[in-house]
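These notes concern the structure reproduced below.
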Amino acid sequence: MLKAIEIYKKKTKKSAKLFSKSKKQHVNGVHHNIRFFEPYPFVTKAAKTKFLIDVDSNTYVDYWMGHWSLIFGHAPNIIKKHVKKQLSAGWMYGTVNEMTMLLSDTIQKAVPVAEKIRYVSTGTEATMFATRIARAVTKKKIIAKIDGGWHGYGSDLLKSVNWPFNESEDRGLINESSIVSLPYNDLEKSLSILKKVKNDLAGVIIEPLLGGGGCIPATKEYLKGLQEFIHKNNSLFLLDEIVTGFRFSFGCMYVSMNLDPDIVTLGKIVGGGFPIGVICGKQEFLNFANTTTQKKVERSYIGGGTFSANPITMVAGSTALSKLKKNGKNLYAKINKMGEETRKGLDKVFDGKVLTTGKGSMFLTHFLTDRINKVTNSTDAAKCNTRILHDYHFEMIARDGIFFLPGKLGAFSFAHSQSDVKNLLKASNRFVANLRNNSSR
Ligand SMILES: Cc1ncc(COP(=O)(O)O)c(C=O)c1O
């Protein structure tokens, strides 16, 4: 049987050629480090519904879905129609537009903490500004984050992202000492770290489901325990719902968990597939960024930028959220069920040798080892066999035309259907059989 890498090279010849050009022109050939995988990533020509199509005309059922931003699938007609209409009315104003208010109307109905909102163009900016407001409000410096927590490439939060979480991620960073890092889902250890810095703790930023760090939901007790400590010590609770916002239901995870964050960051789905970051939160805190009322010595500048709140993103976001509000219940039920079946199905296919974590439509298969049989945080996830996980994803790209960004969690969109669950389990079954054959040789 041909090896996956031979199949891949055979079917992606045009991609190979184009990517070697890209490598000459661009850093590592890509524009987001995680988009690179060995031997070279295929080059995409088009995307429609659940499919990515590469320059060699291979089609892939996509589970990466634009960094999980495309809950409707690729290029859905509903968003295309409204964006097209907006294109003829102009796509970049750089002035106030009513579409921001329409999008905010919808967000504010679903996310009660969003008493005030500011739009930016990326999630990275949103988390950067959230931490900055926390420092301005509290007049303290330290921000706590989670081991393996990913909030974008901003200079502050680019710490303890990759295992073993105690080495600097980037030689260009300064002031790393004002970020401390906590073990996810371990309240006792987290509180003992926080207690040491409580007098200078501006805020804690956390995802309710660790996305890039392993697709691991936080326990309610953990989040509640952190929240209690944060508020008792006059710090801000910053909840990063850039992945989870509008992913599992119409709204945010914090509402269903009955939490009381001070600032919530959103992105991805909220932009309807166009670039967005959202900082929203309690008025008393967001008002620190109000440059007309706030004294210069106390205020916080929180951007946007040239393209913030551009009419195309606002229209796409509004259309997406309106549609989710109207038809979301059934659509969410459909993809959440597919996610649930997939997690159970994969654990069965791999016969107890994996643990598939996640929630609703999101899932990631962790290959357990002798050293690790549970996955509650990024340390556990990093101790699993990540090499096999990459091989598994790559095998499916090469042999089955199923695309996961190797090593990363997958997400169902509304464009997927029950047959995709079946095909994914079938491809996984074949991977297991190959593993068995290879190891018995
Ligand atoms: C939880 C979380 N926060 C922030 C970001 C950064 O968002 P962006 O890539 O839009 O800058 C990401 C991106 O994946 C994310 O997953």
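The values are calculated or read from the model by the stated rules, or taken from the named source; none is laboratory data. Given the structure is predicted, the values throughout are model-derived calculations rather than measurements. Note that we place each Cβ from the backbone using ideal geometry, even for glycine, and neighbour counts take in every protein chain shown. Note: areas computed on protein heavy atoms with side chains; ligands, DNA, RNA excluded. Shrake-Rupley method; radii C 1.70, N 1.55, O 1.52, S 1.80 Å.
General remarks:
- The sole residue among Thr369, Thr386 that is under 22 Å from the mean Cα position of the chain (by Cα), surrounded by fewer than 18 Cβ atoms within 10 Å (Cβ to Cβ) and free of Cβ contacts under 8 Å to residues at least 40 places away in the same chain is Thr386.
- Just one residue in the set Ile174, Ile143, Ile133 is assigned to a loop (DSSP other than H, G, I, E, B) and over 14 Å from Gly212 (Cα atoms); that residue is Ile174.
- Residue in segment 160-169 that is in the same structural domain as Phe229 (by TED's automatic domain parsing), within 14 Å of the ligand (Cβ to nearest atom) and open to solvent by 60 Å² or more (accessible area, probe 1.4 Å) present: no
- Matching residues in segment 1-23 - criterion: being free of Cβ contacts under 8 Å to residues at least 40 places away in the same chain, surrounded by 15 or more Cβ atoms within 10 Å (Cβ to Cβ) and under 17 Å from Ile402 (Cα atoms): Lys9
- In segment 258-286, the residue that is nearest to Gly66 (Cα to Cα) out of those that are within 11 Å of the ligand (Cβ to nearest atom) and in a helix (DSSP H, G or I) is Lys268.
- Candidate set from segment 205-236 (those that are under 18 Å from the mean Cα position of the chain (by Cα) and in a strand (DSSP E or B)); member that is farthest from Gly66 (Cα to Cα): Ile205
- Subset of segment 312-348 [touching a Phe, Trp or Tyr at 6+ places or on another chain (Cβ under 6 Å) and over 16 Å from Ile78 (Cβ atoms)]: Ile335, Met338, Gly339, Thr342, Arg343
- Among the residues here, Ala134 qualifies as more than 20 Å from the chain's Cα centre (by Cα) and crowded, with 24+ Cβ neighbours inside 10 Å.
- Complete set of residues in segment 44-73 that are without any contact (Cβ under 8 Å) to a residue 60 or more places away in the chain and part of a strand (DSSP E or B): Thr44, Lys45, Ala46, Ala47, Lys48, Phe51, Ile53, Asp54
- Of all residues in segment 324-359, those being among the acidic types (Asp, Glu), open to solvent by less than 60 Å² (accessible area, probe 1.4 Å) and farther than 18 Å from Asp420 by Cα number 0.
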